[in-house]
1. Report the Rg/Rh value for the stretch 55-101, based on alpha-carbon coordinates and the Kirkwood definition of Rh.
2. Describe numerically, in nm with one decimal, the distance between label points set 7 Å from Cα along Cα→Cβ at L121 and at W104.
3. Using only the Cα atoms of the stretch 204-253, what semi-axes does the equivalent ellipsoid have when each is the square root of 5 times a gyration tensor eigenvalue? Give whole Å, largest first.
4. Nearest 10 degrees, 0 to 90: what angle lies between the long axis of helix 20-39 and the longest principal axis of the chain (Cα atoms)?
5. Describe numerically, in nm with one decimal, the distance between label points set 7 Å from Cα along Cα→Cβ at V75 and at L129.
6. Mind checking Rg over Rh on the chain, alpha carbons, Kirkwood formula for Rh?
7. Can you give me the % of accessible surface on the stretch 185-267 that is carbon or sulfur? Probe 1.4 Å, all protein chains present, nothing else counted.
8. Expressed as a whole percentage, what fraction of the accessible surface of the stretch 78-167 belongs to carbon and sulfur atoms when a 1.4 Å probe is rolled over the protein heavy atoms?
Amino acid sequence: MSGKPEQVTEARADQPTGWAMPVITLLGVVAAIVAAFVGSGALGGTAVAEAAGGALSADATPVAPAGSAFSIWSVIYLGLSAYALWQLTPTARRSTRQGALRPWALASVLLNAAWIWTVQLDLLAVSVLVIVVLLAVLIRIMYLLGSPRTGGWVESVVTDGTFGLYLGWVSVATLANAFARLAAEGIDPVTGVPFGIVGIVAAAGIGIATALISRGRVAPALATSWGLAWVAIGRTEGRYESAALVWTAAISSAVVLSVAALNLFRHRRQDARRAHGAAGPEASRRRRASSTS
């Protein structure tokens with residue numbers, strides 16, 4: 001009699017949870033992506049790079065990435081769409097990890113849409129506050145992703161991969177946004193090469209720190225490295241053409257990616273050691289059992 005309630009409880013724990021939050025997440029993500037897409041000027045109107053007096057253009061500050069860098073948003077939006085759709089699956093609905101993640105994921109896409117519209121409304125100071133909060137939310141998401149996965153490689157791609165790229169790119173974008181705000185306020189030192197070098201190194205430092213605390217995930221570093229590489233390309237011509245900025249950004253991009261790769265290798269070795277250590281006692285028990293039989 002005592003065993004039946006435990007079996008029922010376990011069965012219920014394996015059942016998918018309700019539909020409400022997964023559906024809200026899906027609808028919220030879709031609405032936020034549409035709002036961001038419209039606000040970006042993709043369907044006409046003013047592009048983000050041209051809004052706010054061109055404060056966020058590719059040639060606005062020494063740390064602004066070249067225009068092609070922003071194509072990473074296509075990958076991020078595709079990943080967010082896949083993530084939102086995957087929330088409707090039984091695997092995602094029964095996942096404690098996904099349950100904890102959904103409100104933060106929804107907040108991140110809403111904040112991204114809000115950021116785009118603050119820029120379009122020429123509220124550059126507010127846009128800095130919004131993107132800083134967005135960065136904090138994505139850092140929180142990365143912390144939540146430290147819990148065990150239950151959805152296999154699909155969850156790894158649509159959740160860890162998507163939000164890793166999201167975090168890595170927003171890290172670079174936050175710095176570029178802050179520099180744009182200061183430059184728009186007429187603070188001339190931020191438009192000089194020395195401050196540009198400081199900004200690039202700061203972005204690389206954030207990327208390295210993210211790589212070290214992300215438990216072997218390379219997606220954040222890939223996005224940060226991508227952004228820094230396009231900063232280097234952007235400084236090969238135009239208003240802020242500078243060999244010093246090109247080399248600083250290029251080396252920083254390579255360092256961030258190298259640290260992430262080494263960290264991935266280290267974590268995989270640790271996982272292999274733990275797996276081997278766990279298998280050792282079991283193998284010993286089997287040998288003892290076979291010797292006594």
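1. Working: Rg = 17.0 Å, Rh = 13.2 Å.
When Rh is taken as the Kirkwood radius, the ratio is 1.28.
2. 2.7
3. Numbers: eigenvalues 123, 16, 8 Å².
The answer is 25, 9, 6 Å, longest axis first.
4. That helix lies at roughly 20 degrees to the long axis.
5. Spacing of the two 7 Å Cα→Cβ label points: 3.3 nm.
6. Numbers: Rg = 22.8 Å, Rh = 21.0 Å.
Using only Cα positions, Rg/Rh for the chain is 1.09.
7. 74
8. Numbers: 2770 of 3680 Å².
After summing per-atom areas, the C and S share lands at 75 percent.
The values are calculated or read from the model by the stated rules, or taken from the named source; none is laboratory data. Since we're looking at a predicted model, the values are computed, not measured. Cβ atoms come from the backbone with ideal geometry, glycine included; neighbour counts cover every protein chain shown. Accessible surface is based on the protein model in full, side chains and every heavy atom, while ligands, DNA and RNA are left aside. Shrake-Rupley method; radii C 1.70, N 1.55, O 1.52, S 1.80 Å.
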